[in-house]
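Before any comments, here is the structure.
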Amino acid sequence: IWVGTFGGGIHLISFSHDTCIVERPNIYLSRYENLVKSIEKIEADEFLVGTHGSGIKHIKINAPDQCELSDYPLDLSGNEDLIVWDILKTTDQAIWITTDKKGVFRIRNNHITTFDNSNGLETNQVLKLFEDRNKNIWIGTNDKGLSLYLGDEFVRSDNGEFSKNPIT
């Protein structure tokens with residue numbers, strides 16, 4: 001299990017005969033990269049890491065004790081100090097990224113779509129994503145409750161019930 005911490009970087013936890021083993025992989029993270037908000041497996045040996053202020057990092061595992069860390073090759077121009085709350089790879093292979101103030105990015109077939117309050121999203125402060133068994137995307141926000149993305153539109157799904165509490 002990969003675990004991200006807010007200040008301590010990334011750790012790998014494994015279990016062997018009722019023993020928990022915590023390792024710190026040989027991945028150098030700078031001060032801001034150590035502020036990990038999310039980790040999402042995108043391939044068998046690749047992960048995306050969402051950080052608090054350093055955007056998105058890409059980890060490739062070359063061998064059990066060898067990992068490469070790089071900036072995720074994604075042009076989100078002007079978003080070098082991006083705070084990424086959550087990353088989700090959906091069943092259709094799209095990558096969804098939530099941010100603190102920039103809305104949601106969806107990457108599908110190397111094409112980036114930005115969803116924000118100018119095109120139907122309730123707010124640009126999005127904390128959490130979830131794909132349900134019907135392949136709908138649920139969006140938890142910091143200040144506008146819970147929304148549902150139905151493929152071409154956003155629907156507010158909580159009638160304001162959760163608008164005073166962040167949805168995580």
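The values are calculated or read from the model by the stated rules, or taken from the named source; none is laboratory data. Remember, predicted model here, so these are calculated numbers, not experimental data. Glycine also receives a Cβ, built like all others from the backbone with ideal geometry; neighbour counts cover every protein chain displayed. Surface accessibility is based on the protein's heavy atoms, side chains included, excluding ligands, DNA and RNA. Shrake-Rupley method; radii C 1.70, N 1.55, O 1.52, S 1.80 Å.
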Selected residue [within 20 Å of TYR72 (Cα to Cα) and aromatic (Phe, Trp, Tyr)] from PHE154, PHE130, PHE105: PHE105
Among the candidates GLU161, GLU80, residue that is closer than 20 Å to THR51 by Cα, open to solvent by 80 Å² or more (accessible area, probe 1.4 Å) and at pLDDT below 85: GLU80
Any hit, region 128-150, residues being at pLDDT 80 or above, on the phi > 0 side of the Ramachandran plot and charged (D, E, K, R): yes
Members of region 128-145 that are in a strand (DSSP E or B) and surrounded by fewer than 20 Cβ atoms within 10 Å (Cβ to Cβ): LYS128, PHE130, GLU131, TRP138
Residue match in region 88-103 (condition: touching a Leu at 6+ places or on another chain (Cβ under 6 Å), assigned to a loop (DSSP other than H, G, I, E, B) and open to solvent by less than 10 Å² (accessible area, probe 1.4 Å)): yes
